[in-house]
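Asker: Encoded as structure tokens, here's the structure I'll be asking about.
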Amino acid sequence: MFAGIFKRLLAVTGTRRSPLVSPQQALEEVRALASQGLISAAEIQLETLAERFPQDAEVRNELGILKYVQGDFSGAETAFAGAIAIAPNYASALANLGLSLQARGLFEQAAAKFEAVLEIAPGNVEASFNLAIACAALGNRRRAVALCNSMIAADPDEPSTHLILGECLLALEEYEAGWREYEWRLRVPEYAPYFRNYPQPLWDGRELPGGTLLVWAEQGYGDTIQFMRLGRLVAERMPSMRVVLEVPTPLATLARISFADCPNLTVAESGQPLPAFSLHRSIMSLAHLLQQSLDRDPVHGPYLRAEPQAAARWARRVTEQADTRLKVGLVWAGNSRQQLDAPGQAADIRRSIGAQLLAGVLRVSECAFFNLQVGARSGEMAALGYALVDFTAELADFADTAALVAGLDLVITVDTAVVHLAGALGKPVWMLSRFDCCWRWGARRTEVPWYPTLRAFYQPAPGVWGPVVEEVRRALAALAEQRAMSG
């Protein structure tokens with residue numbers, strides 16, 4: 001994995017060659033160490049080289065790359081800036097500095113670096129691609145679309161460009177073209193682990209009487225929850241077919257409960273033996289095949305449900321803890337995505353708020369707060385001395401969480417799977433979103449048609465959570481006061 005990133009970062013415009021022979025020989029040794037995964041040893045050698053050859057820009061650029069792939073973005077920026085100070089028109093270092101800034105959410109500064117590369121090397125594909133990502137993150141998706149269209153005109157078969165184009169079009173709610181372009185995601189190398197190469201043909205959207213369609217999950221839990229309703233929609237529209245909806249194990253019980261009334265839909269668990277099937281398709285491709293548009297096919301109500309007896313049990317326990325207060329669930333962090341490289345994990349860092357900051361919401365005294373944060377960060381509020389009601393040790397899967405959420409009045413969460421769960425259950429949910437919001441929330445919509453009960457609160461600038469928390473706190477205080485007045 002390291003070798004691929006090493007080449008991608010250096011390949012922006014080609015590496016500036018130093019006239020010195022000795023640093024070049026040393027750099028080859030460093031690259032050999034890095035290709036073997038000996039990152040720490042390679043970094044130590046590069047630090048030494050940077051001291052021995054203080055005017056060699058290439059050494060500093062390669063040092064920045066090593067720091068970048070390890071997630072030390074500030075250190076990478078220092079190294080890249082040092083290279084640029086030596087060689088102001090060093091396009092590779094400029095582009096790499098842009099990537100480091102982008103990983104930290106500094107999209108405006110990153111965009112300026114990519115623009116600088118394009119001034120040096122007009123039409124450079126890597127700089128144009130990264131500039132499109134920065135523009136999309138800054139909300140300038142029309143320019144991102146224009147950049148993507150220019151790149152596609154030059155190279156029609158590059159899947160990553162089509163994917164960025166698709167996400168931009170979906171955010172702009174241009175669904176027909178957006179879903180079509182989004183289909184290119186499964187040709188992008190980073191998506192290869194999601195794709196299923198079954199011998200059976202891909203489903204083309206037409207009904208096959210007597211056939212069985214396997215709909216398989218891809219990407220994260222939230223993505224699967226968002227598109228699960230389309231599995232039911234296929235089964236309802238095409239009653240002569242059997243639909244097997246394969247979902248990750250933590251979602252399986254919830255899916256079985258929710259779709260028990262759909263006679264030609266069967267739920268299967270990922271990783272378990274599958275029944276025989278005639279055709280297959282990704283769950284996230286159903287929107288394209290069904291020509292989904294939120295104007296034409298709005299989501300009117302909940303499409304998932306908690307098991308009634310479990311929900312009743314949780315409702316009693318929740319009420320015992322809350323009395324007459326407003327019952328509010330909290331989530332402050334997403335999945336850390338340890339399976340991804342350091343730049344891939346940076347998006348989770350941007351979307352997670354941290355318990356200390358979200359604690360400002362706890363000042364609303366008319367509320368009883370319940371911990372819905374699971375995983376490694378579940379105990380953060382307690383460690384800070386904040387007393388949330390915490391039943392998370394009893395939550396084994398999403399069916400358990402759904403039953404608990406059913407007894408709450410409101411869920412407040414960052415952009416994670418719980419947003420989708422609460423929205424799909426029809427539960428009021430407030431989402432605290434990073435500045436570079438996901439395509440599915442449109443052009444920073446406060447009301448999102450995917451989930452009629454969702455209200456979104458966005459960062460006013462990258463990394464700035466204070467105003468978001470204060471806005472949520474005021475809204476929550478108003479809601480609690482309104483509830484108290486209504487009796």
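The values are calculated or read from the model by the stated rules, or taken from the named source; none is laboratory data. Predicted model only: the values in this text are computed from it and were never measured. Note: ideal-geometry Cβ built from the backbone for every residue, glycine included; neighbour counts use all protein chains shown. Keep in mind that these areas ignore ligands, DNA and RNA; they rest on the heavy atoms of the full protein, side chains included. Shrake-Rupley method; radii C 1.70, N 1.55, O 1.52, S 1.80 Å.
Asker: Quote the charge dipole size of the chain about the Cα centre in Debye, to the nearest 20; the model charges only the Cβ of Lys and Arg (+1) and of Asp and Glu (-1).
Answerer: Values: 45 positive and 52 negative charges, 158 e Å.
Using only the charged Cβ atoms, the result is roughly 760 debye.
Asker: Once you list every other residue whose beta carbon is under 14 Å from the beta carbon of residue 250, what net charge do they have if Lys and Arg are +1 and Asp and Glu are -1? Intermediate results must be reported in sequence, preceding the final value.
Answerer: Details: positive: 256; negative: 223, 246, 269, 397, 400.
Surrounding charge for residue 250 is -4.
Asker: Each residue of the stretch 169-185 in turn: what ³J(HN,Hα) in whole Hz from Karplus with 6.51, -1.76, 1.60 and θ = phi - 60°, glycine and Pro shown as x?
Answerer: 3J(HN,Hα) across the stretch 169-185, in whole Hz: 5, 5, 4, 7, 6, 9, 6, 4, 6, x, 5, 5, 5, 5, 4, 5, 4.
Asker: Tell me the relative contact order for the stretch 121-234 as a rounded percent, counting alpha carbon contacts under 8 Å between residues six or more apart.
Answerer: Working: 86 pairs, mean separation 17.0, N = 114.
RCO, the stretch 121-234: 15 percent.
Asker: Just name one of 286, 105, 148: the one whose Cα is farthest towards the positive end of the charge dipole of the chain (beta-carbon charges, Lys/Arg +1, Asp/Glu -1).
Answerer: 286
Asker: Could you calculate the contour length gain from residue 387 to residue 44, that is, 0.36 nm times the residue separation minus the distance between their Cα atoms, to one decimal place in nm?
Answerer: Values: separation 343, 0.36 × 343 = 123.48 nm, distance 4.53 nm.
So the chain would gain 119.0 nm between residue 387 and residue 44.
Asker: Calculate how steeply helix 141-154 sits against the longest principal axis of the alpha-carbon atoms of the chain, using the helix alpha-carbon long axis, and give the answer as 0 to 90 degrees to the nearest 10.
Answerer: Helix 141-154 and the main axis of the chain meet at about 60 degrees.
Asker: I've got another one for you. Relative contact order of the chain, please, whole-number percent, based on alpha carbon pairs below 8 angstrom and at least 6 residues apart. All intermediate terms of the calculation are to be shown ahead of the outcome.
Answerer: Working: 829 pairs, mean separation 58.1, N = 487.
Taking the mean separation of contacting Cα pairs over the length of the chain, I get 12 percent.
Asker: Calculated FRET efficiency, residue 28 and residue 202, Cβ-Cβ r, R0 41 Å, to nearest 0.05? Walk me through the numbers before you get to the answer.
Answerer: Working: r = 45 Å, r/R0 = 1.10.
E(calc), rounded to 0.05, equals 0.35.
Asker: Kindly write out, for the stretch 409-414 in residue order, the coupling ³J(HN,Hα) from the Karplus curve 6.51 cos²θ - 1.76 cosθ + 1.60 (θ = phi - 60°), rounded to whole Hz, with x marking Gly and Pro.
Answerer: 3J(HN,Hα) across the stretch 409-414, in whole Hz: 8, 7, 10, 10, 8, 6.
Asker: Rolling a 1.4 Å sphere over the protein heavy atoms, what is the accessible area per residue of the stretch 302-460, to the nearest Å²? Before the final figure, lay out each step's value.
Answerer: Values: 6240 Å² over 159 residues.
Roughly 39 Å² per residue, with all protein chains present.
Asker: Count the net charge of all other residues whose Cβ sits under 14 Å from the Cβ of residue 206, scoring Lys and Arg as +1 and Asp and Glu as -1.
Answerer: Details: positive: 237, 281; negative: 204, 207.
Summing Lys/Arg as +1 and Asp/Glu as -1 gives 0.
Asker: Hey, can you rank 436-445, 241-250 by average C-beta count inside 10 Å, highest first? Can you show the working numbers first?
Answerer: On the way: 436-445: 17.4, 241-250: 21.0.
Ranking the peptides 436-445, 241-250 by packing returns 241-250, 436-445.
Asker: Continuing with this model, one more query. State in Å² the accessible area per residue of the stretch 79-191; use a 1.4 Å probe, count heavy atoms of protein chains only, and round to the nearest integer.
Answerer: Working: 4450 Å² over 113 residues.
Computed with neighbouring chains in place, this is 39 Å² per residue.
Asker: What is the gain in length, in nm to one decimal, between residue 74 and residue 300 on full extension, counting 0.36 nm per residue of separation less the C-alpha to C-alpha distance? Please list the in-between numbers first.
Answerer: On the way: separation 226, 0.36 × 226 = 81.36 nm, distance 4.57 nm.
Length gained between residue 74 and residue 300: 76.8 nm.
Asker: Given H placed 1.01 Å from N in the peptide plane, which residues other than close sequence neighbours of residue 266 have an amide H under 5 Å from its amide H?
Answerer: Those qualifying (amide H under 5 Å, at least 5 residues apart or on another chain) are 243, 244, 245.
Asker: Here is a further query. Per the 1.4 Å probe, what fraction of the accessible area of the stretch 368-487, in percent, lies on carbon and sulfur atoms?
Answerer: Numbers: 2420 of 4600 Å².
Roughly 53 percent, rounded to a whole number.
Asker: Of the lysine pairs in the chain, how many meet both conditions: Cα atoms under 29 Å apart, and a spacing of 8 or more in sequence or different chains? Walk me through the intermediate numbers first.
Answerer: Working: 7/67; 7/113; 67/113; 327/427.
Qualifying lysine pairs in the chain: 4.
Asker: Shifting gears a bit: May I ask you to compute the full-extension gain from residue 446 to residue 316, defined as 0.36 nm times their residue separation minus their alpha-carbon distance, rounded to one decimal in nm?
Answerer: Values: separation 130, 0.36 × 130 = 46.80 nm, distance 3.22 nm.
Between residue 446 and residue 316, full extension yields 43.6 nm more.
Asker: Using amide H atoms built in the peptide plane, which far-off residues or other-chain residues are under 5 Å from residue 433 H to H?
Answerer: Residues meeting the amide H criterion: 457, 458, 459.
Asker: Still on this model: What accessible area per residue comes out for the stretch 241-289, rounded to a whole number of Å², with a 1.4 Å probe? Kindly include the intermediate steps, with their values, before the conclusion.
Answerer: Working: 1710 Å² over 49 residues.
Ligands and nucleic acids excluded, the result is 35 Å² per residue.
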